[in-house]
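**Q** Take this structure, written in structure tokens, and hold onto it; I'll ask about it next.
Quick note: the coordinates plus some simple rules give every number you see, no bench work behind them. What you see is a predicted model, and the numbers here were worked out from it, not measured in a lab. Positions of Cβ are generated from backbone atoms using ideal geometry, with glycine treated the same way; all protein chains shown enter the neighbour counts.
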Amino acid sequence: MTTRPRREGQLHLNAFLMSTGHHEASWRLPESDPSYQSTNIAYLQRLAQTAERGHLDSIFFADGPALFRDVGRRPSGTLEPTVVLAAIAAVTSRIGLIATASTTYNDPYNLARRFASVDHISGGRAGWNIVTTAHLEAARNFGYEDLPSHHARYQRAAEFIDVALKLWDSWEDDVEIGDKVDGVWGDSGRIHPPEHVGEHFRVAGALTTPRSPQAYPLLVQAGSSEDGKDLAARYAEAVFTAQQTLDDALAFSYDLKRRAVEWGRDPAGLLVLPGIVPVIGATQAEARAKEDELDRLIRPEFARVQLAKTLRVDPEDLPLDRELPADLPSEEEIEGAKSRYTLIVELARRERLTVRQLIGRLGGGRGHRTFSGTAEQVADAIQEWWDAGAADGFNIMPAVLPSGLEDFVDQVVPVLVDRGLFRSEYTGTTLREHYGLARPEHPRHRDGSRLGVGVVAHPATADPTTPVPTTTSTTHEGAQA
């Protein structure tokens with residue numbers, strides 16, 4: 001690992017949970033029970049308890065309102081994630097609970113009410129991963145003939161978040177009076193209906209749910225396009241991102257925090273958490289053998305169809321043993337997930353991968369960084385990006401569940417604790433406290449911006465006038481080269 005000055009503070013770890021694991025062939029392993037692991041709440045509760053045993057900041061469930069995969073490829077059945085969070089809240093006490101919900105195919109009132117309810121049920125542990133949903137299959141489930149344009153989806157998202165914030169702030173913290181003698185339960189003067197009339201939404205009344213323990217759920221965002229970064233810089237408190245190299249991660253973190261400053265925010269209130277897919281073994285050879293076994297189980301005919309959809313080409317244009325065609329669409333022509341499209345194309349071009357090799361690289365994490373090695377090597381990989389200021393923590397994406405999460409909690413977390421990089425026990429009770437972020441005051445009782453109050457930023461990223469450090473990204477021997 002490259003030697004760098006020691007960074008102050010501690011990193012943040014979120015566990016991204018997905019049925020049998022993030023590797024698309026994980027369901028084919030003997031340990032997997034796909035029908036059980038996709039929809040059994042007891043299994044999901046146990047995963048959350050494992051993450052809480054490791055004192056991780058949070059767990060996270062992705063979601064999309066469409067069955068857009070070929071169900072022959074991998075387990076595709078899922079549960080609605082806010083319902084899952086409520087069930088997990090009942091059997092955990094500290095772990096943060098984050099779920100994805102679309103601003104394109106929801107309405108602010110119902111969504112704000114659901115997340116406020118989860119925050120109450122969990123005692124202040126809820127987070128909302130804000131997405132605009134980039135799939136035509138979802139659009140057609142909600143009456144659209146075509147996918148709304150990328151820019152239009154993000155315009156709607158910004159107004160959606162504004163309305164949700166008004167709803168969460170429609171109650172002050174001290175509405176309840178509870179005067180039994182005079183028969184007055186609450187102060188109507190402390191209720192503030194949004195009376196919102198905008199381009200996309202008309203929302204008149206106050207939320208039925210009182211202001212929650214965190215004031216409102218932690219706001220998370222996962223888009224890395226230009227529109228996505230602008231939305232994150234304006235609203236998000238944590239960002240999940242896919243980055244393949246240290247230099248790319250540094251540039252992304254710097255750019256995002258610079259944009260936050262332009263919105264009048266403290267960049268320390270915006271945490272950047274790249275995804276990493278760790279495959280852990282007692283030796284590097286054992287870890288590589290685990291990864292090789294998973295890659296051998298990929299069905300390339302299924303994976304090629306999905307890759308073709310992402311690249312907006314016909315599957316026949318992607319011969320398995322040739323590199324990507326030269327005449328792919330530009331990012332400007334993509335109305336779906338722009339940043340993921342660019343990441344995949346750049347990865348293939350940079351390393352001159354054949355389609356078969358690219359499918360193998362994407363099989364573990366769909367463009368997120370994959371890494372196979374010992375627990376020490378995984379900790380080294382995490383620390384390198386942390387010390388460089390390229391990440392405030394990581395979105396841990398186990399290739400196989402439950403064993404991959406157990407290996408990370410039991411083997412990697414103790415190494416990070418011993419190095420002073422991660423907590424040995426929880427010190428707070430809410431998700432914002434885990435992330436070092438203050439509870440937002442009600443707008444009628446505070447000055448300054450709505451968001452962005454948090455821990456002191458790392459020197460490498462706190463000052464957006466500081467040039468992005470130029471680094472030579474070295475690949476650890478345990479990394480997926």
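**Q** Please work out the ratio of the alpha-carbon Rg of the stretch 194-285 to 2.2 N^0.38 Å and round it to two decimals.
**A** Details: Rg = 17.9 Å, N = 92, 2.2 N^0.38 = 12.3 Å.
Normalised Cα radius of gyration, the stretch 194-285: 1.46.
**Q** I'd like the trypsin sites (Lys or Arg not before Pro) in the stretch 109-206 restricted to DSSP loop residues with at most 12 other Cβ atoms within 10 Å, sorted by number. Don't skip to the answer; put the middle values down first.
**A** Working: sites: ARG113, ARG114, ARG125, ARG140, ARG153, ARG156, LYS166, LYS180, ARG190, ARG202; in loops: ARG125, LYS180.
Answer in residue order: LYS180.
**Q** How many nm separate the modelled label positions at HIS196 and VAL313, each set 7 Å beyond the Cα in the direction of the Cβ?
**A** Between HIS196 and VAL313, the simple spin-label model gives 4.2 nm.
**Q** Something else about it: Mind checking the stretch 27-133 for chymotrypsin sites (Phe, Trp or Tyr not before Pro) that DSSP puts in a loop (not H, G, I, E or B) and that have at most 16 other Cβ atoms within 10 Å?
**A** Working: sites: TRP27, TYR36, TYR43, PHE60, PHE61, PHE68, TYR105, TYR109, PHE115, TRP128; in loops: PHE68, TYR105.
Qualifying residues, ordered by number: PHE68.
**Q** Between GLU441 and THR354, what is the label-to-label distance in nm when each label sits 7 Å out along the Cα-to-Cβ direction?
**A** With each label point 7 Å from Cα toward Cβ, the separation is 6.3 nm.
**Q** Sticking with this structure for a sec: How high is the FRET efficiency between LEU67 and ARG46 when r is their beta carbon distance and R₀ equals 30 Å, given to the nearest 0.05? Provide the component values of the computation, followed by the final result.
**A** Working: r = 26 Å, r/R0 = 0.86.
So, using R0 = 30 Å, E works out to roughly 0.70.
**Q** If you plug each phi of the stretch 186-192 into the Karplus form 6.51 cos²θ - 1.76 cosθ + 1.60 with θ = phi - 60°, what whole-Hz ³J(HN,Hα) values come out, in order, with x for Gly and Pro?
**A** x, 9, 5, x, 9, 9, 10
**Q** Eigenvalues of the Cα gyration tensor times 5, then square-rooted: what semi-axes does that give for the stretch 95-187, in whole angstrom, largest first? Provide the component values of the computation, followed by the final result.
**A** Details: eigenvalues 237, 44, 23 Å².
Equivalent ellipsoid semi-axes, largest first: 34, 15, 11 Å.
**Q** Something else: Provide the gained length on full extension for the span ARG53 to TYR426, in nm with one decimal, where the gain is 0.36 nm per separating residue minus the Cα-Cα distance. Spell out each step's value before the answer.
**A** Values: separation 373, 0.36 × 373 = 134.28 nm, distance 1.00 nm.
Separation in residues times 0.36 nm, less the Cα-Cα distance, equals 133.3 nm.
**Q** While we're on this one: Lysine pairs in the chain with alpha-carbon atoms under 27 Å apart, 8 or more places apart or on different chains: how many are there? Mind dumping the intermediate values first?
**A** Working: LYS166/LYS229; LYS166/LYS257; LYS229/LYS257; LYS229/LYS309; LYS229/LYS338; LYS257/LYS338; LYS309/LYS338.
Pairs that pass both the separation and distance tests number 7.
**Q** Net charge around ASP119, counting only other residues with Cβ within less than 15 Å of its Cβ (Lys, Arg = +1; Asp, Glu = -1)?
**A** +3
**Q** Another question about this same structure. Residue by residue through the stretch 124-134, which ³J(HN,Hα) values in whole Hz follow from phi under the Karplus form 6.51 cos²θ - 1.76 cosθ + 1.60 (θ = phi - 60°), with glycine and proline marked x?
**A** Once θ is set to phi - 60°, the couplings for the stretch 124-134 become x, 10, 8, x, 10, 8, 8, 10, 9, 6, 10 Hz.
**Q** Then there's this: Neighbour counts of other C-beta atoms within 10 Å: give me ARG46, ARG369 arranged from fewest to most.
**A** Going from sparsest to densest Cβ surroundings: ARG46, ARG369.
**Q** Can you give the helix-only mean residue ellipticity at 222 nm for the chain, where every DSSP H stretch with n ≥ 4 adds -39500 (n - 2.57) and the sum goes over all residues, rounded to the nearest 500 deg cm²/dmol?
**A** -11000 deg cm²/dmol
**Q** Each residue of the stretch 26-31 in turn: what ³J(HN,Hα) in whole Hz from Karplus with 6.51, -1.76, 1.60 and θ = phi - 60°, glycine and Pro shown as x?
**A** For the stretch 26-31, the Karplus curve yields 4, 5, 8, 6, x, 6 Hz.
**Q** For the pair HIS151/ASP418, report the inter-label distance in nm, with labels modelled 7 Å from Cα in the Cβ direction.
**A** 5.4 nm
**Q** Same structure, new question: Over the Cα atoms of the chain, Rg to Rh with Kirkwood Rh, two decimal places? Mind dumping the intermediate values first?
**A** On the way: Rg = 22.1 Å, Rh = 23.1 Å.
On the Cα set of the chain, Rg over Rh gives 0.96.
**Q** Further, regarding this structure: Can you check what the net charge comes to around GLN10, using other residues whose Cβ is under 11 Å from the Cβ of GLN10 (Lys, Arg +1; Asp, Glu -1)?
**A** Values: positive: ARG7, ARG419, ARG423; negative: GLU8, ASP57, ASP392.
Neighbourhood net charge equals 0.
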